[in-house]
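Remarks on the structure that follows.
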Amino acid sequence: FESDLAARQDRVEQIAAIAQELNELDYYDAVTINERCQKICDQWDRLGTLTQKRRESLERTEKLLETIDQLHLEFAKRAAPFNNWMEGAMEDLQDMFIVHSIEEIQSLITAHEQFKATLPEADSERQSILAIQTEVEKVIQSYSIKITSSNPYTDITVDQIRTKWEKVKTLVPVREQSLTEELNRQHGNERLRRTFAAQANAVGPWIHTKIGRA
C-alpha cells in the first residue's frame, strides 16, 4: 500500500503545481481551484498520517508477536526437562522397595533426604516457568492482541505442571512415612535377631553339655 501511495505522490504535487500556475495566471475561477486543491492536499496529508500510524501499529504488533514467540520458545525449552523430572520423581516416589537390613533401608532414607533437598530449587524453576506463561498472557491482554496464549512449541501446559507438582508434594511425605515404618520394622527384626542370638548362645553350650553326658 505504501509503495502505491508513494507512486501517487507525484500526481498530487502536479495538481498543486497546476493550481499555483493558474493562480499566477489570474485564472477567473481561482478560488474554486484553490479550495479543491486544498481539499485534495488535506486529504492526502491525512492519508499520509493514517498510513504512518498504521505502519507504526503494525511494527509494534510485530515486535510484540516476536516477544510472545520468544517467551513461548523459552517456556517450551524449560518446561520439557522439568516435566520429565517431575514424572521421574513421581515414579521414584511410588517405587516399591524390598530390604533385608537396617543398612539397606537407611540407604533409601538417605537418598530420599537428598531428593527432598532438591525440592526448593525445583520449586524455584517451576515458578520461573509459570511466570513465563503469565508474561505471555499479560502481553496479550495489555495490548489486546487477537491471538490465543497456546504454545506452538510444546503440548505441556501450566495446568499440567501445577497438577504434577502437587502430586510430587503429596507423594513425598507418603514415601517418607513408608520408609520410616520399614526402618522401625527392620529395627524390630534386628532386636529379635539379637535376642535369638543371645539365647542361642546361652542355650547352645548347655545342650552340648547335656548331649555329652547322655
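Since every read-out is calculated from the coordinates, none of them should be taken as a lab result. Given the structure is predicted, the values throughout are model-derived calculations rather than measurements. Cβ coordinates were reconstructed from backbone atoms using ideal geometry, including for glycine residues, and neighbour counts include every protein chain displayed.
Which loop-located chymotrypsin sites (Phe, Trp or Tyr not before Pro) does the range 69-144 contain, where loop means any DSSP state but H, G, I, E or B and the Cβ has at most 16 other Cβ atoms within 10 Å? Present the calculation step by step, with values, prior to reporting the outcome.
Working: sites: 75, 82, 85, 97, 115, 143; in loops: 97, 143.
Of the chymotrypsin sites (Phe, Trp or Tyr not before Pro), the ones in loops of the range 69-144 whose Cβ has at most 16 other Cβ atoms within 10 Å are 97, 143.
Rounded to the nearest 0.05, what FRET efficiency is calculated for residue 131 and residue 170 with R0 set to 22 Å and r the Cβ-Cβ distance?
Details: r = 23 Å, r/R0 = 1.06.
So the FRET efficiency works out to roughly 0.40.
Looking at the range 100-183, which trypsin sites (Lys or Arg not before Pro) are in a loop (DSSP not H, G, I, E or B) and have at most 10 other Cβ atoms within 10 Å? Each step should come with its number before you reach the end.
Working: sites: 116, 126, 138, 146, 162, 164, 167, 169, 175; in loops: 146.
Loop-located and lightly packed - 146.
Through the Karplus equation 6.51 cos²θ - 1.76 cosθ + 1.60, θ set to phi - 60°, convert the phi angles of the range 118-124 into ³J(HN,Hα) values in whole Hz; use x for Gly and Pro.
Calculated HN-Hα couplings, in order: 8, 5, x, 5, 5, 5, 5 Hz.
Which shape class applies to the range 74-172: rounded if a/c is under 1.5, otherwise prolate when a/b exceeds b/c and oblate if not, where a ≥ b ≥ c are the square roots of the Cα gyration tensor eigenvalues?
prolate
Out of the range 125-214, which GluC sites (Glu not before Pro) are coil in DSSP terms and have no more than 11 other C-beta atoms within 10 Å?
Nothing satisfies the criteria.
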